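Chemist: Would you mind keeping the following structure in view while I ask a few things?
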Amino acid sequence: MLEKANRYAIQTLDSVVDLSIYDNWNINNNSHSKSPDGKLDYVFMVYRAADGLYFTDDGDYYSGIASLGAGNLITLQSGMKVDMGTFDSGSTTHLHKSREFTFEILVHEFGHHLFGGNHPYADNSSSIAQNGRSAGYWGIFAGNWGTPTMNAYEKELLNWIDVTEVSGNIQLDDFILTGDAAKYEVDTDEFFYFENHQRTQSTSGILSTYDRPNINASDKGLFILHVNLENGYLDWGSYSLKSVVSDGNWDWQNTGSLTLMLVLFLK
Ligand SMILES: [Zn+2]
């Protein structure tokens, strides 16, 4: 039913809107280039639904899905192609209890479009997500478990930023404004990323700010992310992303640029 409803809506749109203005990108795994590929870039389908109603699939309940319903590529009357399948031309969700929560779901599902299916948290009843402890990281998948500010690991993976390897003192300007970040490689699957968040960015309304590396709006300064990959990927089963708590080591309220001294807690 999901696929039918989405297809009907997109076909109807195609008859009244020139969808070619939404084909500007070509994506291939983590890399993308700005050139049209004849396929709709991305569409978020958000259904109005009373609170408590969820999409279901064989008894599985989910708040959003990184798919338009089924795996087939369709061609619209205008000639535009739409891939209805997983991690492709779009995602589907419904209005949740709040606009913010719905927005976080959309960010999460778009993360699957960019990065594929892995989650940086365990997906079972004893996981950090279920126990509410995974709020200790930030990233595009964080959804309502953490905070959805994209982190330096993710931006580097997409080639959006160049990250400086820590080898001495480093100065970091605001991460969101400049993309400045540093990393320390422990081994091929383990890194520390350093970001300076001054929370200077705000939007016209949603969440009031998108620079939100944690839930305490007054925390500003150095944020350190511990990345543990599983065979090169963020993993469902391992705690791939964790923040490193400063507790007594750092001043959260640094208000300018930061100088990183080679840090004591690194091995
Ligand atoms: Zn997901």
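The values are calculated or read from the model by the stated rules, or taken from the named source; none is laboratory data. It should be emphasised that the depicted structure is a prediction, and the values quoted were computed from it without experimental measurement. So basically every Cβ, Gly included, is an ideal-geometry build from the backbone, and we count neighbours across all protein chains shown.
Chemist: Quick one: which of Glu154, Glu165 is within 26 Å of His112 (Cα to Cα) and of a type in the set (D, E, K, R)?
Modeler: Result of the check over Glu154, Glu165: Glu154.
Chemist: Which members of the range 170-202 meet the condition of being among the hydroxyl-bearing types (Ser, Thr, Tyr) and surrounded by 18 or more Cβ atoms within 10 Å (Cβ to Cβ)?
Modeler: Result: Tyr184, Tyr193.
Chemist: Out of the residues in the range 129-178 that are modelled with pLDDT under 90 and hydroxyl-bearing (Ser, Thr, Tyr), state the one that is farthest from Ser240 (Cα to Cα).
Modeler: Residue satisfying both the conditions and the ranking: Ser167.
Chemist: For the range 89-105, how many residues meet the condition of being within 10 Å of the ligand (Cβ to nearest atom) and closer than 20 Å to Asn24 by Cβ?
Modeler: Matching residues across the range 89-105 total 1.
Chemist: Now for a separate question. Counting only residues that are modelled with pLDDT of 95 or more and hydrophobic (A, V, I, L, M, F, W, C), how many does the range 18-42 have?
Modeler: Number satisfying all stated conditions: 3.
Chemist: Checking His108 against (1) within 17 Å of the chain's Cα centre (by Cα); (2) at pLDDT 85 or above; (3) away from the ligand (no atom under 16 Å from the Cβ), which test does it fail?
Modeler: Looking at each condition in turn, His108 falls short on (3).
Chemist: On to the next question. Provide a single number: the residues in the range 1-35 that are in contact (Cβ under 8 Å) with a residue 40 or more places away in the chain and of a type in the set (S, T, N, Q).
Modeler: 7
Chemist: Of everything in the range 71-103, what is of a type in the set (Val, Ile, Thr), in contact with a strand residue (DSSP E or B) (Cβ under 7 Å, 6 or more places away or on another chain) and closer than 16 Å to Leu40 by Cβ? Give them in sequence order.
Modeler: Residues satisfying the conditions are Ile74, Thr75, Val82, Thr92.
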